[in-house]
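The values are calculated or read from the model by the stated rules, or taken from the named source; none is laboratory data. Computed from a prediction, not measured in an experiment: that's the story for all the values here. All Cβ positions, even for glycine, are placed from backbone atoms using ideal geometry, and neighbour counts span all protein chains on display.
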Amino acid sequence: MSRLGRDTVRLLAVGVTVAVLVGAAVLLAAGLRDTTYEGRIALLAGPVTGQDPAVPTGGAQYGEVVSLTLPALAQFARSPSVLQAATAKVPGSPTPDEVAKAVSVELVPASGMARLSVHAPAEATAAGLASAVATAMIDADLLAPVGRLRLLDERPEVALVQPDWLLATGLALAAAAAAGLAAAMAYRALRPGGSAGERAVRDALAAAGLRRPVPVLHDDDPTVTERLGLLVEAAERPVRVLPLSADLAVRAKELGSECGELADHETPAGTAVVVLTPAGREQEALTAAAGVLPGDSILVAVVLA
């Protein structure tokens, strides 16, 4: 397998491993949360019929009573008297103070309806508390004498609200994707082999079939000429600087002249090639150039301009 292929496999392995671990951690965290059920029941306000004629029952009075009383149901449902009566009827229920934090009342506008919700750690407890709190609110007869609360349905609805596996799965997938991508990018940025440009050069040379290491230098390095001269002198061959873009031709001639002055060969054999290429991740031209070098030439360095 080529180096490019091995690097791709490692990159995918890092990303997939981190994604799996993060996704599993999110699901585990969701599973470790306390199980919570929600019991829901609806209360409906209605006028009282067949009452004493001496008691006014005009529509305006009933409407006023309902509009003034229903908003107070949320606070009344958390009152100590209601909660003590409700928890006394439900075996294994939390304390009244704990239930007070788990009770909520939602008013449906222009309907005379209130939805009561109670959270509890067990399904039966949530259903029992919802019914008991609703019954206590009805028994308080808050709308008397012109109206009365009644249950819309005698049987409360119960639903599992925590852990929410659908939400947890969605969060786990999103977190896994983000973590895997971040890990892959971090691995690519921090893995051994220098900067992204240097790695792109090495990948391009590997794609051209060059297996031996080739030094990668930077043209903005003040010592680039001296380092090239040492490499050319070690190769004991005349130097040829090959530019891979037209705008690098002048700089290639300068480097060739400077390296030629530093390297003096009595018996040159072949050519020591220095490739001058634009810095960046796209190095297809370098792959092509390295693949067509003459057999008696040796690539001694790649310079990123």
Every residue in segment 273-295 that is among the small types (G, A, S), in contact with a Leu (Cβ under 7 Å, 6 or more places away or on another chain) and either within 18 Å of A249 (Cβ to Cβ) or assigned to a loop (DSSP other than H, G, I, E, B) (or both), please.
A279, A285, A289
Count, please, the residues in segment 272-288 that happen to be surrounded by fewer than 20 Cβ atoms within 10 Å (Cβ to Cβ) and modelled with pLDDT of 80 or more.
5
Flag for V216 being farther than 30 Å from L73 by Cα and either touching a residue at least 40 places away in the same chain (Cβ under 8 Å) or in contact with a Cys (Cβ under 6 Å, 6 or more places away or on another chain) (or both)
yes
Index of the failed condition, A132 passing every other in (1) over 41 Å from the mean Cα position of the chain (by Cα); (2) at negative phi; (3) surrounded by 13 or more Cβ atoms within 10 Å (Cβ to Cβ); (4) at pLDDT below 90
(4)
Identify all residues within segment 230-247 that are part of a loop (DSSP other than H, G, I, E, B) and over 15 Å from S297 (Cβ atoms); write none if there are none.
L244, S245
Please name all residue pairs, on different chains or six or more residues apart, with Cβ atoms under 9 Å, provided the first residue is in segment 54-69 and is within 9 Å of V146 (Cα to Cα) and among the β-branched types (V, I, T) and the second residue is modelled with pLDDT under 80 and exposed (fewer than 15 other Cβ atoms within 10 Å of the Cβ).
T57/T49; T57/Q51
Single residue of segment 26-41 satisfying the filter (under 15 Å from D164 (Cα atoms) and surrounded by 13 or more Cβ atoms within 10 Å (Cβ to Cβ)) that is nearest to the chain's Cα centre (by Cα):
V26
Hey, can you tell me all the residues within segment 80-129 that are surrounded by 18 or more Cβ atoms within 10 Å (Cβ to Cβ), closer than 23 Å to L68 by Cβ and β-branched (V, I, T)?
V82, V103, V105
I'd like to verify a number: residues in segment 179-229 that are part of a helix (DSSP H, G or I) and at pLDDT 80 or above, how many?
22
